[in-house]
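Novice: What follows is a single structure, and I will ask about it in a moment.
The values are calculated or read from the model by the stated rules, or taken from the named source; none is laboratory data. Fair warning: this is a prediction, and the values are worked out from it, not measured in the lab. Methodologically, a virtual Cβ is constructed for each residue, glycine included, from the backbone with ideal geometry; neighbour enumeration extends over all protein chains shown. Just so you know, the surface numbers come from the protein's heavy atoms only, side chains and all, with ligands and any DNA or RNA stripped out. Shrake-Rupley method; radii C 1.70, N 1.55, O 1.52, S 1.80 Å.
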Amino acid sequence: MTRPILPGSSIGILGGGQLGRMLALAARTMGYSPHVLCPEGRSPAGQVADREVVAAYDDLDAVRRFAADVAAVTFEFENVPAAAALAAAACCPVHPSAEVLEVCQHRLREKRWLAARGLPTADFRSVRTPEELRAAIDAVGLPAVLKTSGFGYDGKGQRRVTTRGEAKAALADLGGELIFERFVDFTAELSVVAARSTAGDLVTYGPVENRHQHHILDLTLAPAGLPPSLSARAQELARAVLEALDVVGVLCVELFLTRQGDLLVNELAPRPHNSGHYTIEACEASQFEQQLRAVCGLPLGDATQRAPAAMANLLGDLWWPDPALTTPREPRWPRLLGRPGVHLHLYGKRDPRPGRKMGHLTVLAADAETAGLAAVAARTALLEG
Ligand code: AMP
């Protein structure tokens, strides 16, 4: 067993977005010094780090120098090239490992990995050519979703197709190695965020329910309000994934709940997740604190949820309430902050483009639905007047 990395040490984070920012803040709270490497300066994470190194992820010399200066390296962004993880690993412990990244950053590899371990997914085939597409339609059926294998998130690089013609057009448009997946008639999208320590201990949060708008997470309700047997099954699936992947750190398992009551794994995200932001206010230890503890080889914290909660994302659209505007208008923050129990998080992003995640808010209440209604009402108030 390697010795734990103690407070006072420097922790390296590859990626400069909001997940890195909240991880860096958790690290600061516990007396660590966060360092961030990302391709753009004054990043959301870099703003709250002790050191921000601006370099491309494939600048392996820069990654090595960065890693040589910290006690451990972790990620907030899973599309960092696995070569960067390997380069960092030559200098210090890296969690999760390059192997975990390799599985999770390629949708087809990930689905094959899940299927090979008997973990339930939507029926899928790999497709590169019109012939393979025809065979996939015959085997899997329509409607379906065609997805690119790499670098997809928030619904990017994917198309829902209902006819052979649409599928052919989508293949031509998306190109490359695609995954053709049965369209799942789900009643809810769920997720389980889980953390696993170097000692193999594991804690889970949720399952929570995630509601999307235009493929982007809009609202998380925690807990999801499922029958106990289904909650337990979702947690078991998450445990099976983290153990089989030998993850050290946080990983989110995104799930579909089908109309028949089955759970299917949609995607794995080997890092803290947007659907786990509510843990900052609602749980004994947040997902970010767990990531830090795991990466440092420390015991995990208590994942108990203290109160039902909801999280609503704040997208750049809130800065553009009127299509006639030529410059963004600041949302009416006092209207939100005048509401009791609303916790505001903004990520320090300067350019509020529509669809861009600028922040989120969390509300605690007697039950998750009530918290959800309050969160949406607080967000709507930002557009008033
Ligand atoms: P992904 O980028 O794979 O997480 O997909 C983004 C969103 O697209 C999901 O959260 C679902 O709402 C939807 N989606 C993805 N795959 C499927 C599928 N096979 N069936 C139905 N909806 C899907």
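Novice: For a test of understanding, tell me how many lysine pairs in the chain have Cα atoms under 22 Å apart, given they are 8 or more places apart or on different chains.
Specialist: 8
Novice: Whose amide H sits under 5 Å from the amide H of Asp123, counting only residues 5 or more places off or on another chain, with H placed in the peptide plane?
Specialist: It is Arg182, by chain and number.
Novice: So if I take the alpha carbon set of segment 7-59, get Rg, then get Rh from the Kirkwood formula, what is the Rg over Rh ratio? Let's see the in-between values first.
Specialist: Working: Rg = 10.0 Å, Rh = 10.4 Å.
Reported Rg/Rh (Cα atoms, Kirkwood Rh): 0.96.
Novice: When the helix-only estimate is applied to the chain (DSSP H runs of n ≥ 4, each -39,500 (n - 2.57), divided by the residue count), what is the mean residue ellipticity at 222 nm, nearest 500 deg cm²/dmol?
Specialist: Value at 222 nm, helices only, nearest 500: -9000 deg cm²/dmol.
Novice: Around His273, what is the net charge, scoring Lys/Arg as +1 and Asp/Glu as -1 over all other residues with Cβ under 11 Å from its Cβ?
Specialist: Net charge around His273: -3.
Novice: Can you tally the net charge around Pro7? Count Lys and Arg as +1, Asp and Glu as -1, for every other residue whose Cβ sits under 13 Å from the Cβ of Pro7.
Specialist: That sum, taken over residues with Cβ under 13 Å, equals +1.
Novice: Right, next: Across segment 6-18, in residue order, what do the Karplus-derived ³J(HN,Hα) couplings come to in whole Hz, using 6.51 cos²θ - 1.76 cosθ + 1.60 with θ = phi - 60° and x for Gly and Pro?
Specialist: 9, x, x, 7, 9, 10, x, 10, 8, x, x, x, 5
Novice: Moving to a separate point now. So what's Rg/Rh here for segment 103-150, counting alpha carbon atoms and using the Kirkwood radius for Rh?
Specialist: That ratio is 0.97, to two decimals.
Novice: Most fluctuating residue of Ser191, Ser97, Ser229 in a GNM of the chain with Cα springs under 10 Å: which is it?
Specialist: Among Ser191, Ser97, Ser229, the largest GNM mean-square fluctuation belongs to Ser229.
Novice: Right, next: Which one of Gly316, Ala172, Ser97 has its Cα pushed farthest toward the positive end of the charge dipole of the chain, where Lys and Arg give +1 and Asp and Glu give -1 at the Cβ?
Specialist: Gly316
Novice: Give the residue from Leu230, Leu264, Ser191 lying farthest towards the positive end of the charge dipole for segment 173-280; charges sit on Cβ (+1 for Lys and Arg, -1 for Asp and Glu) and the dipole is referred to the Cα centre.
Specialist: Comparing the listed Cα positions along the dipole, Leu230 ranks first.
Novice: How do 78-88, 308-318 rank on mean C-beta neighbours within 10 Å, highest first?
Specialist: Result, highest mean Cβ count within 10 Å first: 308-318, 78-88.
Novice: Among Gly17, Val53, Thr327, flag the residue with its Cα farthest along the positive direction of the charge dipole of the chain, charges on Cβ as +1 for Lys/Arg and -1 for Asp/Glu.
Specialist: Thr327
Novice: Treating only the Cβ atoms of Lys and Arg (+1) and Asp and Glu (-1) as charged, compute the dipole magnitude of segment 149-214 about its Cα centre; round to the nearest 20 debye.
Specialist: 180
Novice: Return the Rg/Rh ratio of segment 253-373 with Cα-based radii and a Kirkwood Rh.
Specialist: Values: Rg = 17.2 Å, Rh = 16.7 Å.
Taking Rg over the Kirkwood Rh, I get 1.03.
Novice: In addition: Taking a probe of 1.4 Å, how large is the accessible area per residue of the chain, in Å²?
Specialist: On the way: 16130 Å² over 385 residues.
Per residue, the chain has 42 Å² of solvent-accessible surface.
Novice: Take peptides 98-106, 49-57 and line them up by average Cβ neighbours within 10 Å, highest first, as a rough protection proxy.
Specialist: 98-106, 49-57
Novice: Then there is this: For the chain, what % of the accessible area comes from carbon and sulfur atoms, probe 1.4 Å? Provide the component values of the computation, followed by the final result.
Specialist: Details: 8330 of 16130 Å².
C and S fraction of accessible area: 52 percent.
Novice: Quick one: Karplus J couplings for segment 65-82, per residue in order, coefficients 6.51, -1.76, 1.60, θ = phi - 60°, nearest Hz, x for Gly and Pro?
Specialist: Values per residue, Gly and Pro as x: 4, 4, 5, 5, 9, 10, 7, 7, 10, 9, 10, 10, 8, 7, 8, 5, x, 4 Hz.
Novice: Using unit Cβ charges (K, R positive; D, E negative) and no other charged atoms, how large, in debye to the nearest 20, is the dipole of segment 32-110 about its Cα centre? Don't jump to the answer; show the numbers that get you there.
Specialist: Values: 6 positive and 12 negative charges, 11 e Å.
Dipole about the Cα centre, nearest 20: 60 debye.
Novice: Same structure again: Rounded, prolate or oblate: which fits the chain, taking a ≥ b ≥ c as square roots of the Cα gyration tensor eigenvalues, rounded meaning a/c under 1.5, else prolate when a/b beats b/c?
Specialist: Verdict is rounded for the chain.
Novice: While we're here: About the Cα centre, and with charges only on the beta carbon of Lys, Arg (+1) and Asp, Glu (-1), how big is the dipole of the chain? Nearest 20 debye, please.
Specialist: 400
Novice: For segment 26-169, take N as its residue count and report Rg(C-alpha) divided by 2.2 N^0.38 Å. It would help to have the intermediate numbers written out before the result.
Specialist: Details: Rg = 19.6 Å, N = 144, 2.2 N^0.38 = 14.5 Å.
Segment 26-169 yields a ratio of 1.35.
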